[in-house]
Amino acid sequence: MTSPAFLLARRRIFHYSTSCRFMRRSEFRFPWSTNNSNGSRIDAFRNSSRGIGSPSTVGISAVFVVASAAAAIASTAGTTSGIALCASHEAASSCESDCETNNNVFPDTVLSYDTYGGVTMDVNKLFDIENGSKLLDRSEAFEETLENSLLLWKRQGKRGVWLHIPTSCSHIVPICAKFGFEFQYAKNGLLVMTKWLPEDSGSRLPHGPTHQVGIGAVILHPVTHKMLVVQEKHGPAAARKLWKMPTGLTDPGEDIVDAAVREAKEETGLDVEFDRIICMRQAHGGIFDQSDMFFVCLLHLSQQHKEKLQRGIEIPLIPQEEEIAKIKWMSMDEFAAQDVWQNSPLYKEMNDAMIRVANSVLRESKTSKGTNCLDAEVDDGGQGQCGFVAKNLPIGFMRGSQTVYLSRL
């Protein structure tokens with residue numbers, strides 16, 4: 001009759017031999033190895049088993065010899081069952097250690113870890129290891145390594161995996177999709193694919209970028225108090241012959257302040273300074289179903305332009321050749337009276353906000369500088385100071401600074 005100890009030992013042998021399947025590929029050489037072996041434990045197997053078999057089969061054989069001997073002892077003498085279980089457990093532990101330390105997983109030199117249990121791999125770095133050796137020339141090798149690494153990360157309790165794949169490595173995309181990776185984000189030269197590892201819960205990974213950020217530049221003439229407007233060469237505004245404020249999108253990593261100043265310079269040739277955010281509009285259903293955040297910003301001409309105007313020298317306006325057809329100064333009332341705005345409650349509200357803030361700023365300037373600013377009273381609707389001013393401040397508890405926009409209401 002087969003003893004319970006033997007059955008238990010046999011079950012443990014099956015479990016740990018399955019988890020040791022990494023060692024069957026131990027002959028594979030990776031370009032990031034610091035020597036021509038697969039680790040000291042594999043070398044030990046090789047040195048002690050010349051003429052017996054390959055290192056990979058020796059590793060598996062060693063486990064089965066120890067475990068089988070333990071099981072045999074358990075089946076013949078019940079008093080030795082404890083010894084058998086200990087021997088089986090020791091062999092299994094050794095095998096698991098081999099699985100975690102062998103080179104058939106991605107090295108830490110191409111990985112980064114976050115505090116949410118995530119793993120990020122920069123696939124491009126795989127080309128820079130060992131003086132330009134290229135693992136990814138072998139798709140088969142990458143597939144095996146990815147499979148083994150996923151098993152290791154699951155065992156370590158990792159939750160999400162992020163793969164940053166450059167265009168030059170696009171041949172691995174089908175392999176990643178095969179293992180359940182999804183497209184998360186793409187831009188010129190880069191695709192990000194992600195995989196959620198826990199099988200007992202839905203993915204908690206964040207979506208890709210959901211918004212684009214745009215700016216509109218309200219630039220007031222310091223003498224006439226007119227606003228600068230442009231007509232575009234292309235797009236829906238061009239089709240309507242609409243006079244509009246200079247507008248554009250922020251670049252990656254660019255503050256609203258900097259984007260407004262840059263766009264004004266690009267479209268009009270003017271040097272300006274940021275004053276405040278007048279209002280903000282949010283819209284949905286844009287390109288790729290992204291939402292849109294649009295910030296209307298009040299800008300002032302630079303001091304050098306103001307000094308020229310005080311001497312009676314008019315400022316040249318230089319329309320951007322690729323985008324701008326016409327450019328001129330226009331009163332804010334005339335701007336707001338354009339036909340296209342009249343049937344739009346949204347834009348009527350935005351235009352009213354622009355006029356209200358402009359009047360408020362002109363009143364502030366008159367109060368601080370006397371008759372040098374406005375010769376006539378302006379009506380700001382009793383709003384006083386309004387808008388959002390920008391302050392770029394150090395974070396303090398970590399490196400860097402960020403911009404906060406504070407209401408002046």
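Can you tell me the length gained on complete extension of the stretch residue 175 to residue 392, counting 0.36 nm per residue apart and subtracting the Cα distance? If you can, show how the numbers build up before the last one.
Working: separation 217, 0.36 × 217 = 78.12 nm, distance 4.43 nm.
Extra length from residue 175 to residue 392 when fully extended: 73.7 nm.
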*Extreme residue, positive dipole direction of the range 182-338, given options 312, 238, 279 (C-beta unit charges)*: 312
*Dipole axis of the range 256-364 (+1 Lys, Arg; -1 Asp, Glu on Cβ), positive-most option in 340, 362, 330*: 362
*How large is ³J(HN,Hα), in whole Hz, for each residue of the range 213-221 in order, when computed from phi with the Karplus curve 6.51 cos²θ - 1.76 cosθ + 1.60 and θ = phi - 60°, using x for Gly and Pro?*
10, x, 10, x, 10, 9, 10, 9, 6
_Can you work out the Karplus-derived ³J(HN,Hα) for every residue in the range 111-126? Use 6.51 cos²θ - 1.76 cosθ + 1.60 with θ = phi - 60°, whole Hz, and x for glycine or proline._
10, 9, 10, 10, 7, 9, x, x, 10, 10, 10, 8, 4, 4, 5, 5
*If you find the alpha carbon centre of the range 160-186 and of the range 249-267, how far apart are they in angstrom?*
32 Å
_Set of lysines with alpha-carbon distance to residue 366 below 21 Å, sequence-local pairs under 8 removed_ = 226, 306, 308
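Restrict the search to the range 184-261; then list the trypsin sites (Lys or Arg not before Pro) that DSSP places in a loop and that have at most 11 other Cβ atoms within 10 Å of their Cβ. Write out the running numbers ahead of the final one.
On the way: sites: 187, 195, 204, 226, 233, 240, 241, 244; in loops: 204, 226, 233, 240, 241.
Qualifying residues, ordered by number: 204.
Using 0.36 nm times the number of residues separating residue 293 and residue 309, minus their current alpha carbon distance, what extension gain do you get? Kindly include the intermediate steps, with their values, before the conclusion.
Values: separation 16, 0.36 × 16 = 5.76 nm, distance 3.46 nm.
Length gained, residue 293 through residue 309: 2.3 nm.
Classify the range 222-293 from the C-alpha gyration tensor, please: rounded if a/c falls under 1.5, else prolate or oblate depending on whether a/b exceeds b/c. Present the calculation step by step, with values, prior to reporting the outcome.
Working: a/c = 1.80, a/b = 1.21, b/c = 1.48.
Note, shape of the range 222-293 comes out oblate.
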*With N residues in the range 186-254, what two-decimal value do you get for its Cα radius of gyration over 2.2 N^0.38 Å?*
1.90
*asked:* Tell me the accessible surface of residue 287 in square angstrom (1.4 angstrom probe, heavy atoms of protein chains only), to the nearest ten.
replied: 100 Å²
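The values are calculated or read from the model by the stated rules, or taken from the named source; none is laboratory data. Note that the coordinates shown come from a computational prediction; the quantities given were computed from them, not determined experimentally. Note that we place each Cβ from the backbone using ideal geometry, even for glycine, and neighbour counts take in every protein chain shown. All accessible areas refer to the heavy atoms of the entire protein, side chains included, with ligands and DNA or RNA removed. Shrake-Rupley method; radii C 1.70, N 1.55, O 1.52, S 1.80 Å.
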